[in-house]
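Only one structure is covered here, and it is reproduced in the block below.
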Amino acid sequence: LESKNPIDLSIVIEGNFVAFVSKNDDYYIVCDKCNTTEIFYNKRNNGAIITTSIDLIINSMDQVKYDQAVLANILSVYGYYSPKKHTIYKDISRLGVGEYCQFDNSGNFKLGKRKFFPIKTREMTVNDNLAYKDILFNAISSRASQSENWLYLSSGWDSSTILAILVELYGKSSVNAVIGHLIY
């Protein structure tokens, strides 16, 4: 890893992580491929406050202002979520997918973005599909229980597939399905 560029850690390391890395008098905060952990930041002069808890930034601010455009989006668009890189607060942002934070040895803050390299695709054979099935079953069984599993059913294909696999692996008595009723 020492020879690698810190911003490429997500290519080398798999899983959910946040890393603080130093290299050549620069310091980096780098996340997994999808920036799964929410990283909030507030630029201040040349520096920034960076945290996984937005409360730490809010509590350090003299005055907190709401971002009206984000609030309008949340209240009018299906899902009630702010866009990935935004929060409901002005001057508090989130890292987007592929973004990282960089500080030089003087503490100057810079937001960067990794170059996107799409994964090459190819035609899949029957054997490839069977191998994929084995990987999927293994991923689910390694996170499941033989006796009790709770699964939120969203009516989408992913939760329905997981339900079918859990029932096939452990039987229907080991699965408890949860559905929710939402009113928009």
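The values are calculated or read from the model by the stated rules, or taken from the named source; none is laboratory data. Only a predicted model underlies this, so the values are computations on that prediction, with no experimental measurement involved. Note: ideal-geometry Cβ built from the backbone for every residue, glycine included; neighbour counts use all protein chains shown. Accessible surface areas use protein heavy atoms only, side chains included; no ligands, DNA or RNA. Shrake-Rupley method; radii C 1.70, N 1.55, O 1.52, S 1.80 Å.
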Problem - Ellipsoid equivalent to region 110-184 - semi-axes via the Cα gyration tensor, in Å - result: 29, 22, 13
Completion exercise
When every protein chain stays in place and a 1.4 Å probe is rolled, I49, I57 sorted by accessible area with the largest first are I49, I57
Practice task
Please tell me which of these pairs span more than 32 angstrom C-alpha to C-alpha: K4/K90; K4/K85; K65/K113?
Solution key: K4/K90
Problem - Options F17, L151, I49, ranked by Cα towards positive dipole end of the chain, top entry (Cβ charges) - result: I49
Problem - Using a Förster distance of 45 Å, the FRET efficiency for K133-I49 (Cβ separation, nearest 0.05) - result: 0.50
Problem - FRET efficiency, 1/(1 + (r/R0)^6) with R0 30 Å, evaluated for K33 and D91 via beta carbons - result: 0.65
Practice task
Grab the Cα-Cα distance for F117 and K65, subtract it from 0.36 nm times how many residues apart they are, and report the gain in nm with one decimal.
Solution key: 15.0 nm
Practice task
Could you list which residues have their amide H under 5 Å from that of N149, counting only those 5 or more apart in sequence or on another chain, with H placed in the peptide plane?
Solution key: V175, N176
Exercise for the section: Take region 27-136, compute every pairwise Cα distance, and split them into 10 Å bins from 0; I just need the percent in each bin. Expected result: 12, 32, 27, 15, 10, 3, 0
Completion exercise
Most packed first (mean Cβ within 10 Å per residue), the peptides 87-95, 14-22 order as 87-95, 14-22
Exercise for the section: Tell me what the chain gives for mean residue ellipticity at 222 nm when only DSSP H runs of n ≥ 4 count, each as -39,500 (n - 2.57), the sum divided by the residue total, rounded to 500 deg cm²/dmol. Expected result: -8000 deg cm²/dmol
Problem - For the chain, diffusion coefficient by Stokes-Einstein and Kirkwood Rh (Cα), 20 °C, 1.002 mPa s, µm²/s - result: 106 µm²/s
Problem - Contour excess over end-to-end distance, with Cα ends at S106 and M124 and 0.36 nm allotted per residue - result: 1.4 nm
Practice task
Could you tell me how many degrees, from 0 to 90 and to the nearest 10, lie between the Cα long axis of helix 157-170 and the main elongation axis, the longest principal axis, of the Cα atoms of the chain?
Solution key: 50 degrees
Practice task
Figure the gain on full extension for N16 and W150 (residue separation times 0.36 nm, minus the Cα-Cα span) and round it to one decimal in nm.
Solution key: 46.0 nm
